[in-house]
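Taking it in order: structure first as structure tokens, then the write-up.
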Amino acid sequence: MATYDPNKKYTWTPNDQFTINGSEFGLILNSLRATISTTEAARILLANEANQAVEGILARAVEAEIVKEVTDQPEQANL
């Protein structure tokens with residue numbers, strides 16, 4: 001039987017299932033709620049929304065060919 005060692009790295013597949021009990025679920029839920037309800041979390045979530053908006057603006061500008069991909073490396077000056 002394998003024994004868990006917190007100093008080792010572990011892996012699992014996206015299809016693996018984990019079972020938690022009500023106490024563990026409550027702990028996770030209350031911890032997430034407490035974290036998300038902070039002022040700092042609200043700022044970070046708002047910053048993420050702003051980032052998504054800017055990415056959308058940039059994507060539309062690329063599709064409209066206003067913004068162009070940089071394909072050439074800048075030339076180095078000859079010494």
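Can you tell which of GLU24, GLU65, GLU40 is in a helix (DSSP H, G or I) and loosely packed, with under 10 Cβ neighbours inside 10 Å? Spell out the reasoning first.
Working: GLU24 fails: loosely packed, with under 10 Cβ neighbours inside 10 Å; GLU65 fails: in a helix (DSSP H, G or I).
One residue alone meets the criteria, GLU40.
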- Pick from THR19, THR38: which is of a type in the set (Ser, Thr, Tyr), modelled with pLDDT of 95 or more and over 21 Å from the mean Cα position of the chain (by Cα)? THR19
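The values are calculated or read from the model by the stated rules, or taken from the named source; none is laboratory data. In this text, all values refer to a predicted model and were calculated from it rather than measured experimentally. Positions of Cβ are backbone-derived with ideal geometry, glycine not excepted, and every protein chain shown enters the neighbour counts.
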